[in-house]
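What follows is one structure encoded as structure tokens, with my remarks underneath.
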């Protein structure tokens, strides 16, 4: 019995050793089964999961490429619209400058027309005033002529006396007064 106990103790000792034959056999079989499980899992994952994941990755990559292309197209369109807007603004500025220039030209031409009309009106007013002055001078000269004639007749009558008749004196004075008056009127008309 002791022998059996010792033999049992040796068996227990052998079983408790880390690298005993039974233990190594168990390790190898476990390792082979683990490798087989890994290969089967890898093949299953490769067949079903990796393809699906790669498909999702490719779809996502295509979406990103498409979005980048759309963004670049949108950027180009925005640049084109900005250029177009700039051209429109430049054209509007040029048109505004042209309108301002035309308005200035119109204002200048209207001003010159107004000035010429004012000059014409002033000229006509001056001519009318000259005519009025000439008429007033003529009227005044005629009034003075009558008075001078009367005065000359009276003086001549007193100085000459009865040698020359009053009618003759009046005729002579009127004649000379008309000559002097005509000369003065001609002077007025010449001015």
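The values are calculated or read from the model by the stated rules, or taken from the named source; none is laboratory data. Quick caveat, the model's predicted, so the values are computed rather than measured. Virtual Cβ from ideal backbone geometry, glycine too; neighbours counted across all protein chains shown.
So here's what we get for this one:
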{"read-out": "Hey, residue 7 part of a helix (DSSP H, G or I), surrounded by 10 or more Cβ atoms within 10 Å (Cβ to Cβ), out of contact with any helix residue (DSSP H, G or I) (no Cβ under 8 Å at 6 or more places or on another chain) and at pLDDT 75 or above or not", "value": "no"}
{"read-out": "Selected residue (only one of 157, 142, 132, 105 is surrounded by 10 or more Cβ atoms within 10 Å (Cβ to Cβ) and modelled with pLDDT of 90 or more)", "value": "105"}
